[in-house]
Amino acid sequence: MEIINEERNIIEDNINGILWAYPQLKQVVGTFGLYDANFCDDQIPLISGGGSGHDPADWGYVGKGMLTAAVMGKIFIPPTKEEIVKVTKKVTKQKKAFYIVKNFMADVHSFDGAKKELENAGWQIGMCIVADDISVESLSLKKRKRGVAGTILVQKILGVAAEHGANIEELNVIANQLRNCVKTIGVAFGGSKLPGREQDDFTLASNEIYYGIGIHGEPGYCKEIFKSSELLAHELISKLKLSFHWKSGDKYALLINSLGGTTVMESMIFNNDVRELLSIEGLNVSYSKVGRLLTSNGMHGISLTLLHLEKPNWVQALKFSVDTPNWLA
């Protein structure tokens, strides 16, 4: 069961609730785009987005120090090129903007189309495509490289850089540095709750877990019987270790993300196990954050993101105070 009214009005009702709760956000007419009403247009505006159903991403990170605007589409469907262009033109008159995009084919197509249209009209548009997911397909072992919860760390670091006056070229440099330094792996215990569906995106037995699941219900790489939070943490950390090839003393930022239906208690128990195992690995966790940050509309699951802190100012950026609905320092 979900707390909704008419299914056809679900996005509009959600937007109206957001606007009531956070009056500093304003909607761009004719879109599901929200922007920071206090933006002074004296820095490069950062715009992100994607399909709805990942709340509080991305609207929850709109505000001073992070995103200037977030433009959403329907449930799990990205906004159109035209909607992105409309939001971009609404928030800035300087004909410059920077897009942060999750690596899904449809999302990239929409944002890249908007970028090209604006560039043909004389704009300068930077774009970062986040591909932090290290899950693999179960048969081909081809890297998925989807954009998932690590996107929020990229938004935070680029947001602070823009706040301090970084131009598009400088934002592109930082984005390229971050590209291979942020990696995420997730697991689900139950699928997303989508309007119009009588069951979850996928079905698991009551004691099963699904490693590598995507934020739109994409298949993972392995189903297993759940035994403990500690063994779950060990599996995810093992996959991240293979990807990073870290050594003792390396500095990392940690993000543990509830995919929607996971409770605070579950997240904190998992956090405790992760921190103990990373300590055994000899890693220096200089920053950590736990919360419901990028969801899959009620999916019972959790993801683990690590950011290799290759640049000392990245951890300073993560700790920098911002004013958004969902990033609490």
Qualifying position, being modelled with pLDDT of 95 or more and open to solvent by less than 10 Å² (accessible area, probe 1.4 Å), among G60, G113: G60
Matching residues, the stretch 255-279, being open to solvent by 50 Å² or more (accessible area, probe 1.4 Å) and closer than 24 Å to K319 by Cβ: V264, M268, N272, R275, E276, S279
Where G126 falls short, out of the listed (1) surrounded by fewer than 23 Cβ atoms within 10 Å (Cβ to Cβ); (2) under 15 Å from the mean Cα position of the chain (by Cα); (3) modelled with pLDDT of 95 or more; (4) outside any helix (DSSP H, G or I): (2)
Count of the stretch 157-176 residues which are surrounded by fewer than 16 Cβ atoms within 10 Å (Cβ to Cβ), within 18 Å of the chain's Cα centre (by Cα) and in contact (Cβ under 8 Å) with a residue 60 or more places away in the chain: 0
Count of residues meeting criterion [open to solvent by 10 Å² or more (accessible area, probe 1.4 Å) and either free of Cβ contacts under 8 Å to residues at least 12 places away in the same chain or more than 15 Å from the chain's Cα centre (by Cα) (or both)] in the stretch 280-316: 19
Which numbered condition M105 misses (of (1) among the hydrophobic types (A, V, I, L, M, F, W, C); (2) within 15 Å of the chain's Cα centre (by Cα); (3) at negative phi): (2)
Selection from the stretch 293-306 of residues that are of a type outside the set (S, T, N, Q) and either assigned to a strand (DSSP E or B) or within 13 Å of S192 (Cβ to Cβ) (or both): L294, G298, M299, H300, G301, I302, L304, L306
Any chance G212 is touching a residue at least 60 places away in the same chain (Cβ under 8 Å), touching a helix residue (DSSP H, G or I) at 6+ places or on another chain (Cβ under 9 Å) and of a type in the set (G, A, S): yes
Within the stretch 74-84, tally of residues that are more than 22 Å from G301 (Cβ to Cβ) and surrounded by 20 or more Cβ atoms within 10 Å (Cβ to Cβ): 3
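Before we move on, is I185 in contact with a strand residue (DSSP E or B) (Cβ under 8 Å, 6 or more places away or on another chain), assigned to a strand (DSSP E or B) and farther than 25 Å from K319 by Cβ?
Values: in contact with a strand residue (DSSP E or B) (Cβ under 8 Å, 6 or more places away or on another chain): yes; assigned to a strand (DSSP E or B): yes; farther than 25 Å from K319 by Cβ: no.
So I185 does not fit the description; no.
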Residues of the stretch 148-182 that turn out to be at pLDDT 95 or above and assigned to a loop (DSSP other than H, G, I, E, B), as a count: 7
Given (1) of a type outside the set (A, V, I, L, M); (2) closer than 27 Å to I174 by Cα; (3) open to solvent by 40 Å² or more (accessible area, probe 1.4 Å), number of the condition S243 does not satisfy: (3)
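If we keep just the residues of the stretch 3-48 that are among the small types (G, A, S), touching a residue at least 40 places away in the same chain (Cβ under 8 Å) and in contact with a strand residue (DSSP E or B) (Cβ under 8 Å, 6 or more places away or on another chain), which is farthest from S258 (Cα to Cα)?
The extreme case among them is G33.
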N9 vs. criteria within 21 Å of the chain's Cα centre (by Cα) and either open to solvent by 20 Å² or more (accessible area, probe 1.4 Å) or over 21 Å from T324 (Cα atoms) (or both): no
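The values are calculated or read from the model by the stated rules, or taken from the named source; none is laboratory data. Keep in mind that this is a model prediction, so the values were computed, not measured. Methodologically, a virtual Cβ is constructed for each residue, glycine included, from the backbone with ideal geometry; neighbour enumeration extends over all protein chains shown. Surface areas here come from the heavy atoms of the whole protein model, side chains and all, with no ligands, DNA or RNA. Shrake-Rupley method; radii C 1.70, N 1.55, O 1.52, S 1.80 Å.
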